[in-house]
């Protein structure tokens with residue numbers, strides 16, 4: 001049972017992928033209806049799903065997919081035009097198929113709900129397919145070496161004649177062979193329609209040796225048999241006879257058909273050309289052996305001029321040009337497929353998580369070991385420890401890379417959203433995607449999907465105006481939503497930009513005042529006003545639509561993103577559009593950290609955000625102790641004493657030297673003032689418990705080699721604190 | 001004597017009274033090739049050929065070829081059942097162009 005479950009699981013996974021592919025292809029077809037690759041991909045999806053559903057007895061999927069497949073086949077053969085309506089219907093078919101699959105997964109025992117049934121029927125009607133769907137369609141038999149096709153050739157007598165060429169060698173008679181007896185035997189297998197006896201090599205006069213054989217025959221042979229059995233007739237003559245068996249025309253077509261069939265899904269392996277042709281019956285093993293021998297002989301003579309096996313086969317007339325070509329083509333495609341498959345191994349993400357956890361522990365114990373080595377001053381061990389440390393960090397990077405996926409796939413899912421929503425709202429919207437190759441942790445990708453959907457829907461619904469409004473505003477009728485991703489200092493930045501109406505900050509302000517978020521006399525910068533969008537209970541759309549605008553959402557978006565240790569900000573220009581920028585950490589597991597110490601407490605700053613370290617002294621930079629500003633080589637930035645921030649220390653003695661770590665988040669730079677710099681540290685992020693969720697400035701903790709705990713700084717939060725609340729902080733702390 | 005030769009109206013009639021197989025081919029060829037030089041019309045009586053194989057057939061084909069080369073008229077007469085069977089099997093009756101008389105008492109094959 002569990003095996004079947006696993007199989008079904010695989011089926012579902014495969015079907016999901018196929019359907020996703022199908023959706024992409026359909027959307028691509030909208031722009032480019034002639035793209036045969038896309039049509040094929042859609043067809044393949046339906047075809048494969050039909051096939052595998054049949055295996056599990058999911059009859060309604062089979063029946064439904066069959067109808068869709070039929071239509072797609074017509075499209076593929078150019079018998080039917082593909083247009084917008086058909087694409088829409090097919091998209092609905094895709095959705096319906098995944099619903100059907102879901103149904104079988106959850107309540108396989110029960111009847112198909114009426115609603116699904118009706119939906120399927122109406123879709124089939126829209127497809128213009130036959131309504132004879134209640135009959136469950138038989139799944140195509142896997143007719144790899146099927147006899148059904150071979151039997152077709154029976155009726156077609158003209159095309160079904162084999163041609164056999166026999167050229168007996170001079171020694172045939174002396175070796176006890178009698179060509180006549182072979183022909184007599186051949187007669188028992190079928191009809192000899194015609195036979196041409198010729199003796200082109202028969203010497204004239206006395207030179208003729210009566211005991212040598214000069215006979216050549218060309219036989220037209222009619223029989224429903226295969227090459228192998230014809231060849232076996234002449235088995236004993238082999239050494240003394242050139243045998244060529246030319247298959248009937250229909251047979252060639254049969255071979256081509258066989259070759260055109262997709263290879264087994266699981267057993268995909270690169271077959272040699274010869275093997276392939278033997279398998280479909282176009283060649284016999286002996287013919288191949290002979291060709292191979294000739295090839296190796298040729299090679300021995302002149303290595304450069306050795307011909308490929310296919311050419312030799314055609315030359316010795318064992319195989320026909322088109323068949324060989326088709327076989328080569330197939331070989332190529334199988335090779336490609338294998339190459340594509342070999343690049344991926346499906347791994348349970350749990351296993352991967354476990355590996356990464358273990359690597360994390362390894363990193364920690366590696367650090368512990370290093371500390372012991374340092375403490376005991378074992379110089380000979382040191383070398384070993386250093387090289388192991390290098391290896392550990394390499395393992396760490398590789399393990400983390402395993403979980404990295406390109407964000408492009410997530411992005412392209414939104415094509416459908418954009419398409420559906422713009423149809424629904426009668427807007428013309430184009431989705432532009434850039435930076436799809438940017439990689440980030442799989443766990444992050446999974447969690448970013450919902451917030452992204454929400455933000456995009458917002459852009460579509462609130463951002464982009466109706467075509468008339470756009471025209472009136474002097475903008476192109478078609479609006480654009482631009483999804484972009486790029487890496488920036490250990491973070492991935494995702495931007496959702498639209499060229500819509502933009503946000504009216506007055507309107508937000510009014511609304512915020514009405515909702516009691518701010519008081520009317522509060523002075524806010526534009527940025528601060530936009531940040532209000534992310535507060536709970538604020539929506540600027542006057543009427544809520546079914547897409548967005550009910551006042552829930554943006555706060556949820558922010559919460560979701562912050563849960564990923566990320567941040568979200570918004571920028572907008574009235575009439576020009578809105579850009580939402582999301583910063584996310586690349587990974588949630590292990591980072592390269594920079595360890596510092598303040599007030600005997602160790603802190604970790606993500607190394608990717610560290611710009612530089614300087615000594616906190618008047619020689620290095622001008623320090624404004626009251627305003628908490630430093631002027632570093634002409635660059636002014638706020639600074640924050642970590643000891644003050646976390647320990648609420650009011651007094652600082654200037655006895656010991658302080659250092660300042662300059663960190664950068666986005667465009668903002670801030671200095672963290674600390675007592676000691678410890679340097680780089682591989683940091684395994686251990687999430688803090690729920691109790692500490694509200695803690696500001698800390699994003700996690702890590703275990704040091706000594707067993708102590710160090711806190712990982714939430715640089716972003718601290719930067720915000722230092723820049724925004726600098727006045728309050730300076731007043732509070734300096735006072 | 002495996003081959004009987006007689007003359008009639010200036011035509012050399014050669015009656016082969018033996019099997020025409022690989023075992024006899026060499027000897028038969030040696031005997032027959034003499035007559036190809038004679039310049040006279042040849043008639044080969046095959047009624048006595050009780051067995052014929054590829055070598056025998058080949059010999060006939062060779063005779064035909066040589067006769068043509070030497071501008072000698074050559075005809076095969078009174079084919080035995082064994083000969084006809086081979087000629088028919090290989091579709092060679094037309095090649096030799098001689099009328100084949102099928103005797104009523106042949107076994108139906």
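Between residue A:521 and residue A:692, the C-beta separation translates, for a Förster distance of 51 Å, into a calculated FRET efficiency of about 0.90. Highest average first, the peptides A:274-283, A:701-710, A:194-203 ordered by how many other beta carbon atoms sit within 10 Å of their residues are A:274-283, A:701-710, A:194-203. Applying 0.36 nm per residue to the separation of residue A:316 and residue A:381 and subtracting their alpha-carbon distance, the gain on full extension is 16.4 nm.
Remark: the residue A:194-residue A:348 segment gains 49.0 nm on full extension, using 0.36 nm per residue and subtracting the alpha carbon distance. Histogrammed with a bin width of 5 Å, the alpha carbon distances of the range A:164-257 distribute as 3, 12, 24, 23, 16, 11, 6, 3, 1, 0, 0 percent, first bin at zero.
Using C-alpha pairs below 8 Å separated by at least 6 residues, the relative contact order for chain A is 7 percent. Per-residue mean of foreign Cβ neighbours for B:30-42 is 1 (Cβ atoms of other chains, 10 Å radius). Once the Cβ-Cβ distance between residue A:680 and residue A:401 is put in as r, and R0 is 30 Å, what FRET efficiency do you end up with, to the nearest 0.05? Between residue A:680 and residue A:401 the formula returns 0.95.
Computed from the Cβ-Cβ distance with R0 of 51 Å, the FRET efficiency linking residue A:17 to residue A:181 stands at 0.25.
Spin-label model, residue A:106/residue A:478: points 7 Å from Cα along the beta carbon direction are separated by 3.8 nm. Dividing the alpha-carbon radius of gyration of the range B:1-90 by the rule-of-thumb value 2.2 N^0.38 Å gives 0.99. Label separation (residue A:275 vs residue B:41): 6.8 nm, computed from points 7 Å beyond Cα along the C-beta direction.
The gain in end-to-end length when the residue A:468 to residue A:357 segment is fully stretched comes to 34.4 nm, 0.36 nm per residue minus the alpha carbon separation. When the Cα atoms of the range A:405-585 are aligned to their principal axes, the ranges along those axes come out at 46, 37, 27 Å in descending order. In chain B, the DSSP-assigned H stretches of four residues or longer account for a calculated mean residue ellipticity at 222 nm of -12000 deg cm²/dmol, using -39500 (n - 2.57) per stretch and the full residue count as denominator. Taking only the alpha carbons of the range A:349-403, we obtain Rg and Dmax values of 13.0, 41 Å in that order.
The C-alpha atoms of the protein assembly as shown occupy a region whose extents along the principal axes are 151, 76, 55 Å, arranged from largest to smallest.
Let me have the relative contact order for chain B, percent, based on Cα pairs under 8 Å that are six or more residues apart. RCO, chain B: 25 percent. Summed over qualifying helices (DSSP H, 4 residues or more, each -39500 (n - 2.57)) and divided by its residue number, chain A shows a 222 nm mean residue ellipticity of -15000 deg cm²/dmol. The modelled label-to-label distance between residue A:433 and residue A:599, using points 7 Å beyond Cα along the C-beta direction, is 4.9 nm. When both the range A:162-211 and the range B:58-92 are represented by their alpha-carbon centers, they are found 15 Å apart.
The mean sequence separation of alpha-carbon pairs under 8 Å and at least six residues apart, normalised by the residue count of the range A:405-585, gives a relative contact order of 23 percent.
Each value in this text was obtained by applying a stated rule to the coordinates, not by laboratory testing. What you see is a predicted model; the values in this text were computed from it and never measured. No Cβ is skipped: glycine too gets one built from the backbone with ideal geometry, and neighbour counts run over all protein chains shown.
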